[in-house]
1. Shape call for region C:69-180 from the C-alpha gyration tensor, a ≥ b ≥ c root eigenvalues: rounded (a/c under 1.5), prolate (a/b greater than b/c) or oblate?
2. Below 8 Å between Cα atoms, with a sequence gap of 6+, how large is the relative contact order for chain D in percent?
3. Using label points projected 7 Å from each Cα along Cα→Cβ, tell me how many nm separate residue A:205 and residue D:284, to one decimal.
4. Mind sorting D:129, C:163, D:248 by how few other Cβ atoms lie within 10 Å of their own Cβ, fewest first?
5. Nearest 0.05, what FRET efficiency do residue A:336 and residue A:146 give at R0 = 30 Å with Cβ-Cβ as r?
6. Can you give the mean number of other chain Cβ atoms that lie within 10 Å of the Cβ atoms in peptide A:322-328?
7. Taking the rotation axis that maps chain B onto chain D, which residue of B brings its Cβ closest to that axis, and at what distance in whole Å?
8. Which distances in nm, rounded to one decimal and ordered from shortest, link the label point of residue D:292 to the equivalent label points in the other identical copies, with labels set 7 Å from Cα toward Cβ?
């Protein structure tokens, strides 16, 4: 296979971002896009991007024998169903995170994917960030020795609207899920226990919507190491994405990325740039790498590095975290052998 | 009062350090030092430091009417008794941390101090570090707004011997107690809940001695904020002492201190200095400031800023952390009104 | 004008880089490429890039009425002639630096461009680097007040071959010319005096070829400020591209860019990433911005920000530097009013 | 010799600073201090410092057979005479920089010192700064290979008064002299050529007083390396003291020192501490080390590491720099073999 014909399901911000990044890859033809709302604006945009078909029904894409791979960028509640249908239609699948809000649904979808033998990559874009990848590689190379403690700081610059919060699956499923995946990616070991603490400190409306906006989650890993994640829905200085892994031979830290290296010293202060504002700025290149890898996996029939199993595990941790928050005690996670 | 005559109880490393720092203060006369082991080496050292009396019995210091203030640098198990005796003898007291291994004993000692009306300062030297003090001041000035999350990383460069571990009171009482105090100092609010996780990852002998060497402790504060401390008995790259406090208007971070600012770039790498090796290097100046404040408090009859109450609170948190580690669930701390 | 048809003269490394960057711009059609050596490899590459015409004679491009703009990426000795022919053919021109090795030739070429009324942008790519642009903007906004001293460090990771050195025009014309342009860009004032010091410290073969490999050049600007550039042909730790501008209200510094923010601390050392290796890595995005601006200038008929005049001024400074090096005394530059 | 009796000539800021630092050394007795103005304040201060004799005539110190070493902290115009008299009186000498404003006078004074066989240390305090010492050691150990380029940035936070300027010997003799010494110290090679450029940009009154306030000085060293120093009398953000030495195996940089490591991120900016304000803050510890070394040299009869020869060489470079500034051309320095 030397070229790949693609269909996109969901023409929101992230769907359109993937289109732009896919268009940088020579072997790609984006034939179709579906969205429940097809506006004139969308049609014009699709034309500019040389996408031939715009439809309200994603089944048009699944039924199109030319389309070999689909990107699922529709709301989370639709993911599991579309995955199953797409797998049965023999399409390779790139699906945004999370796979679903229900571990059972995700497991069912993965079973269909497994049976169909198609590729499924889950959109944990942060794995493709050069900084975190470097730390991952240092750990693998043994640069920090045996890992003892993992620390992840993950703070958004501003909270989403309360409507979004209500349908988000909650902080752990919506936001921390990235950190749960990152924890597994960096540590190279599965999470076996989760203890979550949360608070509503950013906006009472988030609490009224039944969610929290601030959290500290402690993890125990199968390899005996400990981990801790701290989250906030609002860091006024910008997107705060840092991590550290500490082991018996040293520690590796990934700091925030800034627009420039410029430092200004005046009579008042020495100042440097703030962190890149949000995920579109910080993970610009990671999104490119992410789709590059998916396309390469499809074309070369190689193994997906960020798979449905990874999506499932992150969801299981998120679910355990929620349970820990509600019960006030640590929650154990049973080992799950990768199929 | 314009001069102060001092007695030192305990001529170990920290006792001798205080002597050197006290000798920088013009108003000070260090008259006597006691230690259960009086060697020729100690006598020679005392002479060099112009200390007139060397004795095996600390009661000689308490019975000396010239001595106005004592430094308790003897083993922790002796602290409470000496505090009580010294207070009853009308001496001002500087006591190394922790006050005791028992909250009840500490409370009893504080009651005697209270009644005697003498000064008692507890040796939480890190409060006098310029970096942490700066963060404390930024929080007080409102620079980060309302605090949401406090993070403290505290790692020693190497574990003490197993004999020390056995009589140390355990990681939380021996090492984390500094971080518990720091947490209260920076947050300006009391801890109301503690959840502790621990592991033996540095040295199995520490586990066999009944202790842990790696820990993550989550705190809830009275003001609603969350906190997390991570500890290790061994950071091979040196003493790791960092903290961050995040609030609704920003975040303030104190990084490690290094010997120099020099950076060397070669074909292999860009390298900079490691953190200062251990507490004697990192907190050199903090120890000076600490005794300066104590002497100033005694001379000016002003209020102790790091008091017996602070010592008691840190112990209560340490005790709760131990209980949480043993029971596997969070432990609540009842509010304790400062006398 | 809403689309632009382009021809590329010179299919070397930089010509091909521009092709890749131009292909990211939707309004662009790259119709033709010329090179004195047309290999099968070049033909295959051109096909992959959807370039229709591959020719050995750049006149084919100039004679093609469809082509509206050309990129001159051929050897420096050909630049002035091609600029004149292209201008007379009514093509807009992007020309790599330097315009020529002779101030007189450059002036003659600029005169033809002026008369023809076409756009000419000179390839000082570093102006489009986000870090230097930020410093430029800070100076313009008055953040450092009145500039007093400008410092530029510019070191290549490895020297070119001696054959290249021999035909390079010398260090000042080949390498420092970027820094001379940067000096004018950041300072916002013309250079009126140049004092150059040089040495052969990297490789005696460079000296035998009649050139130097290490230099310090002091500048005086029309606004009274001073400047200094230091160059080396070989910084073993990578491409070293830093600058600072100091004024009566402060100082602004642009540091090197590194691949990641990761820092690794071990028992041996604390290490961070080396600077990005060379210009292709460091200025990846600057090259994109550079062609974007040129295309935008052509399409919107707006003013070129990095013009032939800028190319001429940098050459005049380079020539003066060479003269200063040879004579051992400072060389004055007469003011040249921008046409 | 196990103790040393000291006399201080000149009770200004620097004389008093040395007193405080000398008092930290157990083997030292500061017996006498002289100053042309003996006020009640000075007497009280001397009493507090346990200095027995306060006199207006420094000859009282030279004639006191108990006094073994003197510190010359009086105005520069008096240095050479006092050095000669003190040497003839057999006293070891610590002299503030510069030794004199005249190379001939300095040479004459050094000859007397040489003949008398007493120690003479010149107060180039910056050599004792841990950062610069580290760079010096890295160079000596070969960490950067063969040195190619040395860069020193040295800027004061505010200019002295015009009266001071007038009697200062000019920027090069008063301020840059430290950098000339640092250049020799770091490079480990003598300066053979100096090219100076200067400007009056900070304050026209400095120009009216016949001096400059901004300078760039290029150096050539005996080992073939190049160097550049940039100076300003006023960096509004604080004392700016940085240097870098670049060689064929790498580069070593010493950055400014800041009060704390604290960094504050808010919605407006990320800010860190400014450099330590001025020499008293920045070189606090260097001044301590400096007198420690002098005392150690006297007590152990070891070799002075910052000698009269070093003082002379720095003056010769300063004089050459002035000549270069006045003539507009580089000035050669003849090699001077260390006696």
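Just so it is clear, none of the values below were taken in a lab; they were calculated from the coordinates. Keep in mind that what you see is a predicted model, and the values were worked out from it rather than measured. With ideal geometry, Cβ positions are generated from the backbone for all residues, glycine too; neighbour counts draw on all protein chains shown.
1. Since a/c reaches 1.5 but b/c is at least a/b, the shape of region C:69-180 is classed as oblate.
2. Values: 682 pairs, mean separation 64.3, N = 339.
Reported relative contact order: 19 percent.
3. Taking the simple label geometry, residue A:205 and residue D:284 are separated by 4.9 nm.
4. So the ranking, lowest neighbour count to highest, is C:163, D:248, D:129.
5. Numbers: r = 24 Å, r/R0 = 0.79.
E between residue A:336 and residue A:146, to the nearest 0.05, is 0.80.
6. 1
7. B:24, 4
8. For residue D:292, the inter-copy label distances come out at 1.8, 5.3, 5.5 nm.
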